Structure formats: structure tokens, C-alpha cells
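Peer 1: Just passing along the structure, written as C-alpha cells.
The values are calculated or read from the model by the stated rules, or taken from the named source; none is laboratory data. Note that the structure is a prediction, hence the values are computed from the model and not measured. Virtual Cβ from ideal backbone geometry, glycine too; neighbours counted across all protein chains shown. For the accessible areas, the whole protein counts, side chains as well, though only heavy atoms, and no ligand, DNA or RNA atoms are used. Shrake-Rupley method; radii C 1.70, N 1.55, O 1.52, S 1.80 Å.
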Amino acid sequence: MHLSRRRLLYGSAGVAVATMAGCSTDGESSSLSGFTGIAMPTQTSDRWVIEGGFLEQQLQEAGYKTILQYGDDDPELQITQIRSMVDQGVEFLIIGAIDNRSLGEILATAKNRGVTIISYDRLILDTPDVDYYASFDNYEVGVLQAKHILDRLGVQEEGVEGPFNIELFSGSLDDSNSQYFFQGALDTLERYTYSGVIAIPSNETEQEVTSTERWSGAVAMDRMTRLLEDHYEDRELHAVLAPYDGISRGVVYALEDFGLAPGTDEFPVVTGQDAEALSVQFIRDEKGQSQTVFKDTRDLAAVASGMVKSIVNGNDPEVNDLGTYNNGFKFVPSYLLQPVNIDQSNWEEELVGSEYLTVEDVDNAVEPQEF
Ligand code: BGC
């Protein structure tokens, strides 16, 4: 699946995004060669595999040398990989961090050697050495997930009293995106939890207790199983806020093991993120998950590689947000893209129509994680 899809994505590179074409200062071409190290976090999720390849391709097409490595969700391994990239003389680092607080020391070394550091999708915290951030409106991702729950439960319809029982999952604590996703969702649900229309029977509402280490579906499946056993023997569960497709599927598997049948009224609403092919299949075929959030990672890769190209050409990269993402040292100049809500009504138009996925990808998708 990966291979054919990657090829397909490469094929559509031309339409991916021209966002970085306009530059903000008159620069003279720099003496930089564009040599870039790309450090991606994991290969267990489609998006990072696709993006790594796409970044590499974009930069190589511009004539730059690249090194691409995946950190296998191991923060120490990622540091070793970045150190080796710096030792090999990269001028740019594009980093999708695993542990967003673990990179300070190696980035200080990189910065001393004049490397420009782009935080990719996940904001790197607690260091002055991040130069740019390329990501999505992460708060909006959580808003879209929570809105789907409200819509599907009909919470906003007149005369609906509830209570609807829901449970919350958040992402990995070492990924700064997790808090933005979670906050966007909580803020959207808030007035209904205050009014009692929505109840959270487990009372597990804080980010820490709802978190899912390294975004693992298996970890989420275990927590969902515990929640069901502890709180739902005699109660109906109406929805589960799940922040990422791998987590969503872990939740779905736990619900099935508990005896609930996907596609029936008794099955809770389950949200997601990333438009992974298997989750899109679940949405299409009513196999438990009913929503995901599409973040067009082709566009994100084009933004990040565009930042490199701008600097090599002696220009400042284009940014569109200077005041949202504070990494503990500064507001990092950011370029943020918009996420898109996906459900059964629009998956084909948005995902197949934009050539992000083919129908065959959706048909043939298999579980990339271990459960
Ligand atoms: C990304 C999400 C992804 C998650 C797990 C987050 O940092 O923004 O798109 O679902 O990591 O890989």
C-alpha cells in the first residue's frame, strides 16, 4: 500500500501547494546548498511515511541533498539520528519530534553550526533554537472532533436533555499537539458538560489521565477496556473522543470485544484524525469509527520544503502566524494549514477527489499497528 500510494502522491506534487512561492524580502541567493536532514518520528502511521518521502522528493527535485530517518518512536534514537545528520554537515533540519522536550541539547549543537531548524507538525519545546514551525491549526482539529460528536448525538437539537455518556482520549503527553487537540475539543464540549447534557461517567477528564503514550492504539485499547469494565456494565456509552485514527481503532476493537456491534445504534460515535486508509474504510463501511480529520500532509511537506528553498534563495520564509505557538522561549514563527472534517458524506470527494487516497487504498488497507 505504501509504495503505490507514495508514488501517487509524488505524481500530484505539482498541485500540492504553491504557498511558499511568494517571498517576503529581497534576498540575494545564499551560499547554502540546501543540504537537509529530515527526522520523522515513526513508520507505524501512514502519514509520517508519506511525508518523509514527500519531503525528500521535494527537496531533491530542487537539487538539494537529503538524509531521511525515522526514529521508531524512540526519543534517544531520534537524538542519535539528528546528531549524525549534524555531523554530516546538514544546513537544515526538518524535525517531526518524538519527545518534544528532549531535543534541546542536540539543537543547541546544531544551531552553533549554523543549522536552520524547522519544527515539523509538532512544536519542539523548551529551546530557543527552533527557527520555524510548519503545522496545522491543531486547536481546530479538536473542535472538529467534538462537533462531530455533538452533531451525531443531536445534542444541539431542541428539547434534547441527555445525559449522553462520553469518554475522552488524548494523545501522547510528550507531543505538544496533544494539548491543542484536547483543548479544542474540551472547549467545544464545555457548555454541554456544564449543563449536564453530556456526562463523563469515568470522571477522567484531565489531559494526563486521558493521555495515550506514544499515540499507541494498543494502549488506548487497554484503557477503553478498563473504562468499559469499570463504568459501562449497566450503562450505555454514546461517544468516544479519540484524537488519532490509530487510537480510534484501538477504541473500536475494545468496544467490539465488549460485545458492541459496529453499525448498530448501540455502538458509540468514535472520532479520529489523519485520514488513515483503514480508518477511512471503517468510516465508509460503518465499522465503528465515523469521523476523521484530514490534514493534507502533501501541503505541509510543501510548506516545510518551501521554507528551506526560500532561505537557500536568500529570502525569508513565508509565515502566517506569529502569536499562537509559544515553545517556552518564544512564539515560533509559524505557517499553519487548515484541517478538514471527514465523515461518510465527504470522504470520497475530499480524499479520493484530491488524490490523497485511492479507493483501492481504502479497500485494501490493513492494520499497520500491533494490538
Ligand atoms: C500529529 C497527528 C498524529 C499524531 C500521531 C500528532 O503530532 O499532529 O496528525 O495523529 O501525532 O502520529
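Peer 1: On the phi > 0 side of the Ramachandran plot and either more than 16 Å from the ligand (Cβ to nearest atom) or touching a helix residue (DSSP H, G or I) at 6+ places or on another chain (Cβ under 7 Å) (or both), is that true of residue 87?
Peer 2: Criteria not met by residue 87.
Here's the yes/no breakdown for (1) outside any strand (DSSP E or B); (2) in the same structural domain as residue 153 (by TED's automatic domain parsing); (3) free of Cβ contacts under 8 Å to residues at least 40 places away in the same chain:
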position: 256; (1), (2), (3): yes, yes, yes
position: 261; (1), (2), (3): yes, yes, yes
position: 273; (1), (2), (3): yes, yes, no
position: 282; (1), (2), (3): yes, yes, yes
position: 302; (1), (2), (3): yes, no, no
position: 307; (1), (2), (3): yes, no, no
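Peer 1: Related question: Out of segment 261-281, which residues are surrounded by fewer than 23 Cβ atoms within 10 Å (Cβ to Cβ) and of a type in the set (S, T, N, Q)?
Peer 2: Scanning segment 261-281 gives 264, 281.
Peer 1: Next question, about the same structure. Which of the strands (runs of 3 or more DSSP E) found entirely inside segment 18-127 contain at least 1 residues meeting this: within 24 Å of the chain's Cα centre (by Cα) and among the aromatic types (Phe, Trp, Tyr)?
Peer 2: In segment 18-127, the matching strands (runs of 3 or more DSSP E) lie at 66-70, 92-95, 116-120.
Peer 1: Right, next: Among the residues of segment 109-138, what is the count of those that are more than 12 Å from the ligand (Cβ to nearest atom) and open to solvent by 10 Å² or more (accessible area, probe 1.4 Å)?
Peer 2: Looking only at that region, the number is 12.
Peer 1: Assess whether residue 106 counts as being open to solvent by less than 40 Å² (accessible area, probe 1.4 Å) and outside the structural domain of residue 249 (by TED's automatic domain parsing).
Peer 2: In short, yes.
Peer 1: Still on this model: Here's a check for you: in segment 223-248, which residue that is charged (D, E, K, R) and out of contact with any Gly (no Cβ under 8 Å at 6 or more places or on another chain) is farthest from the ligand (Cβ to nearest atom)?
Peer 2: 234
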